[in-house]
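Some notes on the structure that comes next.
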Amino acid sequence: MKRQPDCTIKEESLLLFHYRELAPKERLALTEHLRQCPACRQRLAELKNSLASLPRPTLELSAAEVGWLSARIAARTRPAPRPRFWLWSGAVATAALVVSLAAWPPTGPDSRLGVMGRTSGEIGMVEDPELLQNMDLLQNLDLLQELKQVG
């Protein structure tokens, strides 16, 4: 069969189509073209027949070669031994964190000094317990807003 005059499909495209190596859009376009072009369908069938008639090489390995290859594959897939120093480094880092937190001086409104660390003027300023509750509520709302922004 002769190719249609407007047919621009190359042998390379048919070969890539046969081996499913075309991009999805190109494969779809070529599939549509093959539905309409009997000459390209014929060329593709001839290509498939030619490829099917080619001899396929076979690989024969001796038992020693199979054993050698198996040992190499096993050696490459076995995980490498991990050094144990990472266990100690984690313990040392945790201990350093605990010591630094224990040595950190408490500051701010939530310090554990309580009334003893306050001056008499600061104690006199807080006479209304409802004001303290409202301040705690505002601090909790601020904390919730910060958590909402982080999350």
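The values are calculated or read from the model by the stated rules, or taken from the named source; none is laboratory data. Keep in mind that this is a model prediction, so the values were computed, not measured. Reconstructed Cβ throughout: ideal geometry from the backbone, glycine too, with neighbour counts over all protein chains shown.
Entry remark, segment 27-69: residues being closer than 17 Å to Leu15 by Cα and among the hydroxyl-bearing types (Ser, Thr, Tyr) number 3 in total.
Per-residue answers, yes or no, for (1) closer than 30 Å to Leu16 by Cα; (2) modelled with pLDDT of 75 or more; (3) surrounded by 10 or more Cβ atoms within 10 Å (Cβ to Cβ):
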{"residue": "Pro38", "(1), (2), (3)": "yes, yes, yes"}
{"residue": "Glu46", "(1), (2), (3)": "yes, yes, yes"}
{"residue": "Val99", "(1), (2), (3)": "no, yes, yes"}
{"residue": "Leu132", "(1), (2), (3)": "no, no, yes"}
